[in-house]
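The values are calculated or read from the model by the stated rules, or taken from the named source; none is laboratory data. Here the structure is a predicted model, which means the values were calculated and not measured. Because the Cβ atoms are built from the backbone with ideal geometry, glycine has one as well, and the counts that use them run over all protein chains shown. The protein model used for the area step is the full one, side chains on, heavy atoms only, and it has no ligands, DNA or RNA in it. Shrake-Rupley method; radii C 1.70, N 1.55, O 1.52, S 1.80 Å.
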Amino acid sequence: MKPKTTIPVKTPTGEYPIHIYDGVLTDAGAKLRELGFAGKCAIVTNPTVGQYYAGKLTESLTDAGFSPVLCEIPDGEQHKTLATVAGLYDRFLAAGLERGNPVLSLGGGVTGDIAGFAAASYLRGVPFVQIPTSLLAMVDASVGGKTGVDLPQGKNLVGAFKQPEMVLIDPLVLETLPGAEFRSGLAEVVKHGIIADETLLEKLRAGDFSLGWMIAAAVRVKVSVVEEDPFESGRRAVLNLGHTFGHAFEKLSDFRLRHGEGVAMGIVCAARLAQSLGHCTPETTARITDTLAFLDLPTEPPAHPFESIWAAMGADKKKAAGKLRFVLPRAIGDVDIFADVPRSVVQSILE
Ligand SMILES: NC(=O)c1ccc[n+]([C@@H]2O[C@H](COP(=O)([O-])OP(=O)(O)OC[C@H]3O[C@@H](n4cnc5c(N)ncnc54)[C@H](O)[C@@H]3O)[C@@H](O)[C@H]2O)c1
């Protein structure tokens with residue numbers, strides 16, 4: 001039998017478990033009942049994911065005595081809006097969902113962010129369960145309590161911190177995840193390895209993709225960071241490694257680049273910048289670049305004029321007090337936040 005992993009997460013108001021094992025999806029109903037819930041619950045999913053897994057989840061919940069109502073939202077970041085959340089409120093009301101009835105998210109990071117925000121705000125908050133189905137959502141978006149939606153002015157501009165009752169990660173669902181989405185998620189796994197787990201990076205480079213192990217290792221890094229800084233007031237910014245550059249590259253590609261592809265290039269840029277500033281060795285940069293390339297992720301930044309990259313980075317949310325901050329590696333497993341990086345050095349590594 002495959003090992004079952006449970007990772008507890010401490011939050012400012014309590015603790016919740018992250019259960020990781022093959023087949024946990026079919027145990028969802030029993031696990032929810034163990035937490036003391038009963039009666040109605042809502043499943044939020046999209047047609048892409050729902051076609052494979054909504055039936056299984058519904059059955060598991062029904063078997064455990066729940067009356068689940070399926071609430072479908074359209075697939076895609078362009079639907080991560082207040083209008084989609086308003087549509088969910090309508091569905092919840094029509095189903096008679098009450099204060100103690102949980103909302104379950106079944107999908108990638110987009111679904112989790114939308115469903116979590118709906119759960120945080122409907123009736124001033126109902127219980128929430130995350131069942132992430134993309135690699136990115138498993139290792140990143142489903143952990144840490146951030147939920148929210150986009151506005152026409154920018155991404156993730158409205159939201160709330162909403163800690164889940166539990167997170168259920170079933171590696172088996174990755175079977176249907178498109179390869180490009182899987183690779184994009186791997187960029188975040190590499191990021192977590194660089195932040196705090198050298199063994200994780202070594203295993204990836206050696207081609208060891210034992211999913212349960214890899215996901216648990218990446219989740220542990222995220223958990224340790226968010227436990228230290230639950231409301232993102234300081235240290236949590238290290239999770240933005242590669243993102244200041246990465247977001248700029250994504251934006252300049254008109255979002256044709258996937259998030260993970262932008263992040264992969266961004267991580268390489270961060271390593272080159274760290275090296276130029278004397279914070280890390282050429283060997284560290286080489287190891288990072290080599291691992292990303294081995295995973296088929298892009299490592300060379302796109303050829304945009306420096307001015308436009310700089311402008312795209314400047315508009316990024318990570319601007320603190322008018323100065324760009326960069327998260328840079330000192331070594332594998334040791335990253336830090338640097339303000340006051342001279343523009344000329346950033347230019348030199350990009351050109
Ligand atoms: N809340 C946070 O802390 C946090 C952190 C990182 C990212 N995010 C957010 O997460 C979102 C990106 O998440 P994502 O990369 O998962 O994108 P996504 O949710 O759009 O999923 C990518 C695609 O894969 C499909 N999919 C998901 N699981 C599948 C499966 N098992 N089988 C088949 N298809 C599947 C989705 O329907 C979608 O088409 C962004 O909106 C980002 O802002 C949030």
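Taking amide H as placed 1.01 Å from N in the peptide plane, residue 41 has its amide H under 5 Å from the amide H of 67, 69, each at least 5 places away in sequence or on another chain.
Backbone geometry of region 163-169 corresponds, through the Karplus equation with coefficients 6.51, -1.76 and 1.60 at θ = phi - 60°, to 3J(HN,Hα) couplings of 7, x, 6, 6, 10, 10, 10 Hz, x marking Gly and Pro.
Taking the longest Cα principal axis of the chain as reference, the axis of helix 47-63 is set at about 40 degrees. Sequentially through region 213-226, phi angles give Karplus couplings (6.51, -1.76, 1.60; θ = phi - 60°) of 5, 4, 5, 4, 5, 5, 4, 4, 5, 5, 4, 5, 6, 6 Hz, Gly and Pro residues having no value and appearing as x. Among DSSP beta bridges whose residues both lie in region 5-176, state the antiparallel percentage, nearest 5. Beta bridges within region 5-176, antiparallel portion: roughly 40 percent.
For chymotrypsin sites (Phe, Trp or Tyr not before Pro), the sites in region 222-252 that DSSP calls loop and that have at most 15 other Cβ atoms within 10 Å are 231. Over 29 Å apart at the Cα level, from the set 162/191; 4/80; 31/251, are 4/80; 31/251. Loop-located trypsin sites (Lys or Arg not before Pro) in region 67-134 (DSSP state other than H, G, I, E, B) with a sparse environment of at most 14 neighbouring Cβ atoms within 10 Å: 99. Tell me the carbon and sulfur percent of the accessible area for the chain, rounded to whole percent, probe radius 1.4 Å. Using a 1.4 Å probe with all protein chains present, the chain comes out at 52 percent carbon and sulfur.
Annotation: amide H of residue 335 within the under-5 Å range of 330, sequence separation 5 or more or interchain, hydrogens built in the peptide plane. Counted over the chain, the DSSP beta bridges are approximately 50% antiparallel.
Measuring from centroid to centroid over Cα atoms, what is the spacing of region 207-286 and region 1-44 in Å? Cα centres, region 207-286 to region 1-44: 28 Å. Accessible surface area normalised per residue over region 5-176 is 39 Å², counting heavy atoms of protein chains with a 1.4 Å rolling probe. A Gaussian network model of the chain, with springs between Cα atoms under 10 Å, assigns the largest mean-square fluctuation among 309, 215, 131 to 309. Dividing the mean sequence gap of close Cα pairs (under 8 Å, 6+ apart) by how many residues the chain holds gives a relative contact order of 14 percent. If you wrap region 40-171 in the convex hull of its Cα atoms and look at it from every side, the mean projected area works out to 7.1 nm².
The HN-Hα couplings worked out from phi for region 287-292 by the Karplus form 6.51 cos²θ - 1.76 cosθ + 1.60 (θ = phi - 60°) are 4, 5, 5, 4, 5, 5 Hz, whole numbers, x standing for Gly and Pro. Estimated from the Cβ-Cβ distance and a Förster radius of 22 angstrom, the FRET efficiency linking residue 330 and residue 286 is about 0.90. For residue 325, the residues whose modelled amide H falls within less than 5 Å of its own, excluding neighbours fewer than 5 places apart on the same chain, are 320. What is the sum of charges around residue 37, taking Lys and Arg as +1, Asp and Glu as -1, for the other residues whose C-beta is under 10 Å from the C-beta of residue 37? Around residue 37, the charge tally is +1. Cα-based radius of gyration for the chain, normalised by 2.2 N^0.38 Å, reads 0.99. When the trypsin sites (Lys or Arg not before Pro) in region 210-270 are filtered for DSSP coil states and for at most 12 other beta-carbon atoms within 10 Å of their beta-carbon, the remaining sites are 256. Note on residue 339 and residue 182: their simple-model spin labels are 4.3 nm apart, each label 7 Å out from Cα toward Cβ.
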